[in-house]
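What follows is a short report on a single structure.
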Amino acid sequence: MMSKRDTKTLRGPVPRHKEGDEVVYIDSDSAPRLIFSGEDILCEDLPVGTRVVYGKPPIEGLHNPGAAIRYAINHPLDADPLYAQLAPGMRVTIALDDISLPLPPMRTPDIRQTILEILLELLDANGVDDIHLVIANCLHRYMTEAEMKRMVGKKIFDAFYPDRYYNHDGEDPDNLVHLGKTAHGEPININRRCVESDLVIYVNITLVPMDGGHKSVAVGLCDYESVRVHHEPDTLLGCDSMMDPPRSMLSTKIERQGAIVDQHMKVFHIETALNNRMFANATAFLGKNEDEFSEFDRMKYEAMRFGLGKLPTAAKRKIFSAIPSEYELVACYAGKTDPVHARILAKLYDQYMVSLKGQSDIVIFPIPYVSPYSINSILNPILVQVMGLGYFHQFYRGKPVLRKGGALILCHPCLDEFDHKFHPSYIEFFNRLLPETRDSHTLQHKYEEEFARNPSYIEMYRRGNAYHGAHPFFMWYWGEPGRQYAGKIIVAGAKNAHVPARMGWDRADSLTEAISMARSFVGPSASITLMKWPPIVMADVE
């Protein structure tokens, strides 16, 4: 809900000091900024001198995505063209990213549907009819029937579901194959259908640099024993930035597992990059700099503010979830995993990286209503934590935007709400374990196995749509780098006191109060940066 101070009208365009096209310094005449806070979009004044970092304008989408996809599979990197690898009687498995990508779900047809239509036509022309479609969900929840249909389209869904189009089961020992261990003792167990196929075609959407590459097969199609060796506190603390693969211990470990995959499986990787056109039509103004709002944009904001202010949280969440993103394909490469991933990373950095001069004493992260693990669900407190301290804190190259020991402000209502269908193990984790300890190593050694082996959680994962019992542990570990780096964490706009207290955070009623608290901690002349998410923006800090 909007507070009285949020009802101010955005003022018109004013002169601004630029560091670059995506960086603005607030002066005394600048317009207030729109701040995402869960399902609310607030209008906030910021102190003079605040640095506001916006995402780059969307790279223009490819005019003919189908032609780009066909070119990629006919001119692959370090591999024969796909048609030359096919023969009648082959067993082919096409693996697909799950609903966690892209974020939010894109308008239909999803790019995976477009790629599948091209692939299935090619496979049919070459006499290949033993084809399975497997969702590489790892320990994520199974996609629902409706979500699966939306992702691939009705025609493909009707032809393959349920016997030949299904979710990967990371808890079915009969359908997992142990491929071996790395020299460092890291096991890799992979979906049996994929291992026993003559060819695996992986169709990937790489939304952020942490995704794609060897992570697609080595993580997406594995089990708990394989993923636990890198989804753990020490590995994540060993990442200089999870979004900069050469400096990420997480990526290093996954690449070692991926090397074993390549020894045992023939994988043809199709990797795509999208632009950051998250908003469209009536909501397109949300992706703009407020200084550039037209009168019509300001009218739309006031109408949105008024409408949202009249609705309960559940209704606002449902409305936002019903608005698909307008992402467009900007790159598609195919062939061997490593060279394909390198090309896609370069395109992602072109879209996301913004150069910044120096770190800040105070950094503000608006937390929107959605995360990779809350599609069609609720952004519960554990997921708020991983968005702010895990992902957003790590969206950098060089140095974090926040200086070591500075104050981090998260904007979110932090409601004590959990999805009982999708996140049952999160409920026990939050209410039973966090009151005892927030220490990741203690949680790992004392409780992780208990949750991972819990028969009820395994059954809800396998027969329902629940995240694996170990998943809240992984999400908590991913926030460990941010917890250890920031000197103080403040949540602005929290609707209660007990959730921030349980998370180990200070609480403020408003962003203004949070900034005052942060200045009391780091000093009255503290520098401030607002990372204006969404859409995605990454900082290249000098």
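Within a straight-line Cα-Cα reach of under 19 Å, LYS310 can be paired with the following lysines, leaving aside sequence neighbours fewer than 8 residues apart in one chain: LYS4, LYS8, LYS300, LYS318, LYS495. Among residues other than VAL370 with Cβ under 11 Å from its Cβ, the summed charge is 0 (Lys and Arg +1, Asp and Glu -1).
Other residues within the sphere of radius under 13 Å centred on the Cβ of THR272, judged by their own Cβ, net out at -2 (K and R +1, D and E -1). Compactness of segment 232-340 was expressed as the Cα radius of gyration divided by 2.2 N^0.38 Å, which yields 1.62. Sparse packing (at most 11 other Cβ atoms within 10 Å of the Cβ) combined with a DSSP loop state is found for the following GluC sites (Glu not before Pro) in segment 20-70: GLU60. The alpha-carbon atoms of segment 65-274 define a convex hull whose volume equals 125 cubic angstrom per residue.
Straight-distance candidates among the aspartates and glutamates for linking to LYS316, with alpha-carbon spacing under 15 Å and chain neighbours fewer than 8 residues away dropped: GLU39, ASP40, GLU417. Ordering ALA136, VAL227, ASN191 by the projection of their Cα atoms onto the charge dipole of segment 65-274, which places +1 on the Cβ of Lys and Arg and -1 on the Cβ of Asp and Glu, puts ALA136 at the extreme positive end. Taking the Cα centre of segment 193-237 as origin and assigning +1 to Lys and Arg Cβ atoms and -1 to Asp and Glu Cβ atoms, the resulting dipole is close to 140 debye. Summing Lys and Arg as +1 and Asp and Glu as -1 over all other residues whose Cβ lies under 11 Å from the Cβ of ILE99 gives a net charge of -1. Running Debye on segment 358-516 with equal point scatterers at the Cα sites and no solvent, what base-10 log of I(q)/I(0) appears at q = 0.08, 0.15, 0.17 Å⁻¹? The calculated log intensity ratios at q = 0.08, 0.15, 0.17 Å⁻¹ are -0.23, -0.79, -0.99.
Taking label positions 7 Å along the Cα-Cβ direction at both PHE521 and ALA282, the computed distance is 3.8 nm, reported to one decimal.
Projecting the Cα positions of GLY213, LEU34, TYR352 onto the charge dipole of the chain (unit charges on Cβ atoms of Lys, Arg, Asp and Glu, taken about the Cα centre) puts LEU34 furthest along the positive direction.
Pairs from the table (LYS357/LYS404; LYS56/LYS357; LYS253/LYS421; LYS357/LYS488; LYS288/LYS357) lying more than 27 angstrom apart at Cα are LYS253/LYS421.
Gap in Å between the Cα centre of segment 260-297 and the Cα centre of segment 162-224? With segment 162-224 and segment 260-297 each reduced to a Cα centre, they are spaced 25 Å. Counting only DSSP beta bridges with both residues in the chain, the antiparallel share comes to about 30 percent. The charge dipole of segment 65-274, taken about its Cα centre with unit charges on the Cβ atoms of Lys, Arg (+1), Asp and Glu (-1) only, comes to about 320 debye. Within the same chain, aspartates and glutamates fewer than 8 places from LYS181 are excluded, and of the rest, those with a Cα less than 18 Å from its Cα are ASP223, GLU225, GLU232, GLU255, ASP262. Using helices alone, I'd like the mean residue ellipticity at 222 nm for the chain: each DSSP H run of four-plus residues gives -39500 (n - 2.57), total over residue count, nearest 500. One gets -9000 deg cm²/dmol as the mean residue ellipticity at 222 nm. Compute the Cα gyration tensor for segment 457-502, then decide on rounded, prolate or oblate, letting a ≥ b ≥ c be the square roots of its eigenvalues: rounded whenever a/c is under 1.5, prolate when a/b is larger than b/c in the other cases, and oblate in all that remain. Verdict is oblate for segment 457-502. For percent of Cα pairs over 47 Å apart, the candidate list reads (i) 10; (ii) 44; (iii) 3; the entry that matches the value derived from this model is (i). Placing +1 on each Lys and Arg Cβ and -1 on each Asp and Glu Cβ, with no other charges, gives the chain a dipole about its Cα centre of roughly 1200 debye. Sparsely packed loop sites in segment 155-193 (the trypsin sites (Lys or Arg not before Pro) outside DSSP H, G, I, E and B with at most 16 other Cβ atoms within 10 Å) comprise ARG164.
None of the figures in this text is laboratory data; all of them are computed from the coordinates on show. Being a predicted model, the structure only gives us computed values, none of them experimental. Positions of Cβ are generated from backbone atoms using ideal geometry, with glycine treated the same way; all protein chains shown enter the neighbour counts.
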